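The values are calculated or read from the model by the stated rules, or taken from the named source; none is laboratory data. Since the model is a prediction, treat every value here as computed from it, not as a measurement. Cβ placement follows ideal geometry from the backbone for every residue including glycine, while neighbour counts extend to all protein chains displayed. Accessible surface is based on the protein model in full, side chains and every heavy atom, while ligands, DNA and RNA are left aside. Shrake-Rupley method; radii C 1.70, N 1.55, O 1.52, S 1.80 Å.
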Amino acid sequence: MESNQKKAADVGRYVSSLLRDHFGKGPASVHVLIKPPFAFIHLRDFLSPMERILLKQQESKRLLELRDLLMDELRPQIKLNLWKLAGLDVTDVFADWNLEAETGMILCILDEETAQETLAWPEGVSHEEVIKTINRASMKVEKRPGSTAVYWLNERTVLVVREKILVEIEKELIANGFTEPLKIAKRPLERRSLELVDMETVLHHPIREVFVDWDFSGDTGYMVIMLETQN
């Protein structure tokens, strides 16, 4: 069976080429982490010259909308080609961007069993306290999740999956086609909520950046917390 390391290298080359072809500039680096049932792709130095101009003109919302629209178009290609290249059966693809840091993430949900290593927690970090703190953060911007799961993909990458988090006004906005404005409004709120509950203390690491996306139809939120690690 092909190793996850080889799969990750193939996926990284493919994603770099795909983004370069469609955005006009590829990321300087692509880090791929495959931990079934997830494949996490972190992008660095990813901002095209045209996007840089838009950002300087305070058009970050328009830029985020354009990227989301393009990712909607690329989603079927990503699913198909990750299967062809690496045998990854991708059921859904999510993405988010940190324009100021020129970074981004693509999160693929795989139709596979959960790998044992994604269940391992680092020593000294309380599973119960992390879940409780994530739920408190959610209650500040939405409501208490119906369920919360946290996966340590590696020592600096924490994935949070929350289900049944949407409030009624959000459901109404989604039903009326306002998903993109809702995403743009919710993302900074989600990031700030972690500061309000002092998430860094619970995780025992400073937070480097946070990426967020949603499956609105399934009422599920995905959050990736990137941690600073000790040298």
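Figures for the structure shown
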| read-out | value |
| --- | --- |
| Unique match (being charged (D, E, K, R), farther than 21 Å from residue 159 by Cα and either touching an Asp or Glu at 6+ places or on another chain (Cβ under 9 Å) or open to solvent by less than 60 Å² (accessible area, probe 1.4 Å) (or both)) among 20, 67, 75 | 67 |
| Residue within segment 152-166 that is in contact with an Asp or Glu (Cβ under 7 Å, 6 or more places away or on another chain), exposed (fewer than 14 other Cβ atoms within 10 Å of the Cβ) and outside any helix (DSSP H, G or I) present | no |
| Meets criteria (within 18 Å of the chain's Cα centre (by Cα), on the phi < 0 side of the Ramachandran plot and at pLDDT below 95) for residue 105 | no |
| Extreme residue, most open to solvent (accessible area, probe 1.4 Å), among residues of segment 6-17 that are closer than 14 Å to residue 46 by Cβ and touching a Leu at 6+ places or on another chain (Cβ under 9 Å) | 16 |
| Residue satisfying condition, being surrounded by fewer than 16 Cβ atoms within 10 Å (Cβ to Cβ) and either assigned to a helix (DSSP H, G or I) or among the hydrophobic types (A, V, I, L, M, F, W, C) (or both), within set 208, 187, 192 | 192 |
| From the options 118, 133, residue that is surrounded by 14 or more Cβ atoms within 10 Å (Cβ to Cβ), at pLDDT below 95, of a type outside the set (A, V, I, L, M) and part of a helix (DSSP H, G or I) | 118 |
| Hits in segment 45-63 (condition: within 20 Å of residue 20 (Cβ to Cβ) and not in a loop (DSSP other than H, G, I, E, B)) | 49, 50, 51, 52, 53, 54, 55, 63 |
| Odd one out for residue 25 among (1) at negative phi; (2) exposed (fewer than 14 other Cβ atoms within 10 Å of the Cβ); (3) charged (D, E, K, R) | (2) |
| The lone exception for residue 48 - which of (1) touching a residue at least 60 places away in the same chain (Cβ under 8 Å); (2) in contact with a Gly (Cβ under 6 Å, 6 or more places away or on another chain); (3) small (Gly, Ala, Ser) it fails | (1) |
| Only one of 89, 96 that is open to solvent by less than 40 Å² (accessible area, probe 1.4 Å), modelled with pLDDT of 95 or more and acidic (Asp, Glu) | 96 |
| Filter result for the condition that a residue is at pLDDT 95 or above, open to solvent by less than 20 Å² (accessible area, probe 1.4 Å) and part of a strand (DSSP E or B), over 42, 31 | 42 |
| Set 133, 157, 148, 179: member being free of Cβ contacts under 8 Å to residues at least 60 places away in the same chain and within 24 Å of residue 42 (Cβ to Cβ) | 148 |
| Residue match in segment 221-229 (condition: open to solvent by less than 10 Å² (accessible area, probe 1.4 Å), part of a helix (DSSP H, G or I) and closer than 15 Å to residue 150 by Cα) | no |
